[in-house]
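The next block holds one structure in the form of structure tokens; read it before the comments.
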Amino acid sequence: MRNPIYTISIIVIFVVILVTLFPGIFAQYDPYKMNMDAFMNKPTGSYWFGADQFGRDVFSRSMYGIQKSVIIASSAIAISALTGTMLGLLSGYLSGLTDLIIMRIMDSFFAFPSLILALFIIALFGSSMTNLIFAIGLVYVPIFARTVRGATLSLKDSLYVKASKALGKREISIMLGDILPNISSVLIVTFTTNVSTALLTEASLGFLGLGLPPPEPTLGGMVGQGTSYLLSAPWIVLFPGLMIAIIVLSLNILGDGLRDVLDPRINR
């Protein structure tokens with residue numbers, strides 16, 4: 001909190017969380033209601049972000065778009081964190097054949113660009129919130145698995161782990177009770193920074209028309225649907241795109257701040 005940049009990022013993320021939980025409080029109008037009298041209205045006191053090609057309020061749709069995008073990105077990374085953490089713990093602690101099999105599977109995921117892999121899954125199973133969460137979550141599992149594996153390898157030979165082994169604790173208890181709490185700071189930073197990249201992945205899918213189907217508002221979908229009107233009504237694209245940029249930047253700054261606070265090797 002002593003750093004004003006980090007403080008601003010925390011405030012922005014807090015506001016984003018409020019919008020995600022209560023978008024109706026912030027939205028001026030029904031995000032789905034069309035009003036042809038407001039067809040592509042410029043930003044005014046009545047329409048803060050202007051109106052889109054169907055006369056819908058861009059600000060209200062942006063508020064609900066934040067909700068959808070944040071829910072998809074954060075849920076996907078939660079799944080990635082849970083799955084990748086368990087795989088990373090098993091791989092790093094057990095080593096040997098288990099490590100070989102898990103890491104080669106993770107390498108096969110790394111062979112494909114994350115967006116291409118998500119595109120393939122969405123094209124295969126269709127666009128829905130559940131499928132988007134699953135597709136994006138699957139893409140980010142290897143990142144958590146490799147991060148946790150590296151941290152586990154550095155801790156598995158520490159004195160407190162050896163003491164737990166000497167006391168006869170089960171391996172699963174050592175992994176969850178001794179190693180996992182000591183890599184929690186790494187997981188927190190990794191989670192925060194990857195929510196921002198997952199948000200960009202969701203926005204990219206929406207821009208390409210593979211996000212939530214219309215008329216559901218998502219930030220990336222709003223940008224994609226408004227590109228045809230970029231010259232005549234740039235506000236349709238500008239404000240949702242600006243929302244994406246602000247949220248992603250704030251998450252990245254917050255991730256850097258958390259790393260500085262939680263990493264004991266950094267001099268303060």
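Nothing in this text is a laboratory measurement; each read-out follows from the coordinates by a stated rule. The structure displayed is predicted, hence computed values, not measured ones. Don't worry about glycine lacking a Cβ; one is built from the backbone with ideal geometry, like all the others, and counts go over all protein chains shown.
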query: Stretched out fully, how many nm does the piece from residue 125 to residue 153 gain, at 0.36 nm a residue minus the Cα gap?
result: 6.4 nm
Helix-only [θ]222 nm of the chain, DSSP H runs n ≥ 4, -39500 (n - 2.57) each, per residue, nearest 500: -23000 deg cm²/dmol
- prompt: Stokes-Einstein D for the chain at 25 °C, 0.890 mPa s, Kirkwood Rh over Cα pairs, in µm²/s?
  reply: 121 µm²/s
Footprinting exposure proxy for 1, 222, 103 (fewest neighbouring C-beta atoms within 10 Å first): 1, 103, 222
task: Enumerate lysine pairs in the chain that are 8 or more residues apart or on different chains, then count those whose Cα atoms are under 24 Å apart.
output: 4
message: Considering only C-alpha atoms, what is the centroid distance from the range 1-58 to the range 96-157, in Å?
response: 34 Å
field: Loop-resident sites, the range 112-171, for trypsin sites (Lys or Arg not before Pro), counting at most 13 other Cβ within 10 Å (DSSP)
entry: 170
query: With contacts defined as alpha carbon pairs under 8 Å and 6 or more residues apart, what's the relative contact order of the chain in percent?
result: 24 percent
query: Toward the positive end of the charge dipole of the chain, about the Cα centre and with charges on Cβ (Lys, Arg +1; Asp, Glu -1), which of 32, 258, 74 goes farthest?
result: 258
- line: Diffusion coefficient in µm²/s returned for the range 1-113 by Stokes-Einstein, Kirkwood Rh over C-alpha pairs, 20 °C and 1.002 mPa s, is 120 µm²/s
query: With charges set only on the Cβ (+1 for Lys and Arg, -1 for Asp and Glu), what does the dipole of the range 124-240 come to about its Cα centre, in debye to the nearest 20?
result: 600 debye
